[in-house]
1. For residues in the range 123-171 being hydrophobic (A, V, I, L, M, F, W, C) and outside any loop (DSSP other than H, G, I, E, B), which is farthest from the ligand (Cβ to nearest atom)?
2. If you check every pair at least six apart or on different chains, which have Cβ atoms under 7 Å apart with a residue in the range 118-136 that is over 20 Å from Ala63 (Cβ atoms) first and a residue that is part of a strand (DSSP E or B) and within 16 Å of the ligand (Cβ to nearest atom) second?
3. Kindly check whether there is at least one residue in the range 38-60 that is crowded, with 23+ Cβ neighbours inside 10 Å, farther than 30 Å from Gly243 by Cα and away from the ligand (no atom under 16 Å from the Cβ).
4. Could you say which residue among Ile192, Ile116 is surrounded by 23 or more Cβ atoms within 10 Å (Cβ to Cβ), at pLDDT 95 or above, in a loop (DSSP other than H, G, I, E, B) and among the β-branched types (Val, Ile, Thr)?
5. Checking Met183 against (1) open to solvent by 10 Å² or more (accessible area, probe 1.4 Å); (2) part of a loop (DSSP other than H, G, I, E, B); (3) of a type in the set (A, V, I, L, M, F, W, C): exactly one of these is not met. Which one?
6. Residue pairs, Cβ under 6 Å, 6 or more apart or interchain, first in the range 256-270 and over 14 Å from Pro280 (Cβ atoms), second not in a helix (DSSP H, G or I). List them.
7. Out of curiosity, is Lys331 open to solvent by 80 Å² or more (accessible area, probe 1.4 Å), in a helix (DSSP H, G or I) and within 26 Å of Glu246 (Cβ to Cβ)?
8. Among the residues that make up the range 112-122, is at least one of them within 11 Å of the ligand (Cβ to nearest atom), β-branched (Val, Ile, Thr) and under 27 Å from Ser279 (Cα atoms)?
Amino acid sequence: MPEEVLRKAASEMLDYKGSGMSVMEMSHRGPVFKEIFDETKAKLKSLYNVPDDYEILFLQGGATSQFAAIPMNLIEGGKADYAVTGRFSALAAEEAEKYGNVNISFSGKGEGFKRIPLQNELRLSDEAKYFYYCDNNTIYGTQWSYIPDVNTELVCDFSSSALSKPMEISKFGLLYAGAQKNMAPAGLTTVIVKKSLSGRELPITPKIMSYKVQIEKDSMLNTPPCWCIYMLGLTIDWITDKGGIEMMQKNARERSALLYDFLDESSFYIKMAEVNSRSPMNVTFRTPSEELDAAFCKEAEQKGLLSLKGHKSTGGIRASLYNAMPIEGAKALVEFMKEFENKNV
Ligand SMILES: *Cc1c(COP(=O)(O)O)cnc(C)c1O
């Protein structure tokens, strides 16, 4: 989270704009929260130029709940195409198999998920109800540099790249993100869905997971994650203040280029993602040994460079450079990497 956002939230924590209440205490159906809710939705709509025939939903359950909600609402007992480029798309495909036929259009598993497929490598099936992919592979540090061209509805998990670059929403049937990577605190799942896709859910779909019901209820079938929605509004204000989403993309490219340029020159560190698949959000690499990886993370921590340990399924090192990371953070990391290399070659 950007520090300015945390400070703003702290200043309004006990008494939100003279209401005599904290946002944490308000009824989700009261007028004060209603305004926060409507404004946050409007801000997100404007930030992404979301067309009018789409609905923005603020749900609970995390990105993982959408692994099930998507097939329940969209597969209609038929078939769907999945591009498996990392752990989260693999989990999504596995979940979808419970509700219909899953065609794996691409799997990067054999290659250790180090790259994104080219368009002409995608094996698309004719009758797929949708094509599913994960834009940014948080664990492996890869990102799609293009929007796949498919002849069905495009569904995208952009949990770890939301708010980091413009997205042409009209190309998608549905986009969703667990908010905790780049949007707001944990607890909110943002779904942007084309309204015409609702109403096709399997009869077993729980009401809470039905896009049709959630659209009709404006995300208030039950209590939405009020505090997180408020925080998302503050995050979007901060982005707008900093020059908008294009500026977030520019900053992300500059930050990550510092690291990638250094990694390209170093003969000590081993890069994990292929050059054309590199993520501006998560930079993955390792040292020559697991012992040095551990020493790297420990010494980095002593310098205030935190959360560098790679995901438990991959090991190695991962630098996550979300919107809130100042360029100074990336510079400090490169300096530390140089020192560590010189000490250990
Ligand atoms: C973290 C993450 C998830 C899982 O998010 P939860 O909200 O914990 O379910 C899914 N997809 C991507 C791309 C992620 O980075």
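1. Step one: list which residues in the range 123-171 are hydrophobic (A, V, I, L, M, F, W, C), which gives 124, 128, 131, 134, 139, 144, 147, 150, 154-156, 158, 162-163, 167, 169.
Pick out the ones that are also outside any loop (DSSP other than H, G, I, E, B) and you get 128, 131, 134, 154-156, 169.
Details: Ala128: 21, Phe131: 16, Cys134: 5, Leu154: 16, Val155: 13, Cys156: 10, Ile169: 18 Å.
Applying the filter and picking the extreme gives Ala128.
2. Listed by first residue and then by second, the contacts come to Leu122/Ala83.
3. No, the range 38-60 contains no residue that is crowded, with 23+ Cβ neighbours inside 10 Å, farther than 30 Å from Gly243 by Cα and away from the ligand (no atom under 16 Å from the Cβ).
4. Answer to the selection: Ile116.
5. Among (1) open to solvent by 10 Å² or more (accessible area, probe 1.4 Å); (2) part of a loop (DSSP other than H, G, I, E, B); (3) of a type in the set (A, V, I, L, M, F, W, C), Met183 violates only (1).
6. Cβ pairs passing all conditions: Phe268/Val345; Tyr269/Phe285; Ile270/Arg286.
7. When the stated conditions are applied, Lys331 passes them.
8. Looking through the range 112-122, none of the residues is within 11 Å of the ligand (Cβ to nearest atom), β-branched (Val, Ile, Thr) and under 27 Å from Ser279 (Cα atoms).
The values are calculated or read from the model by the stated rules, or taken from the named source; none is laboratory data. Keep in mind that this is a model prediction, so the values were computed, not measured. In this analysis, Cβ positions are derived from the backbone assuming ideal geometry, glycine residues included, and neighbour counts consider all displayed protein chains. Only protein heavy atoms, including side chains, enter the accessible area calculation; ligands, DNA and RNA are left aside. Shrake-Rupley method; radii C 1.70, N 1.55, O 1.52, S 1.80 Å.
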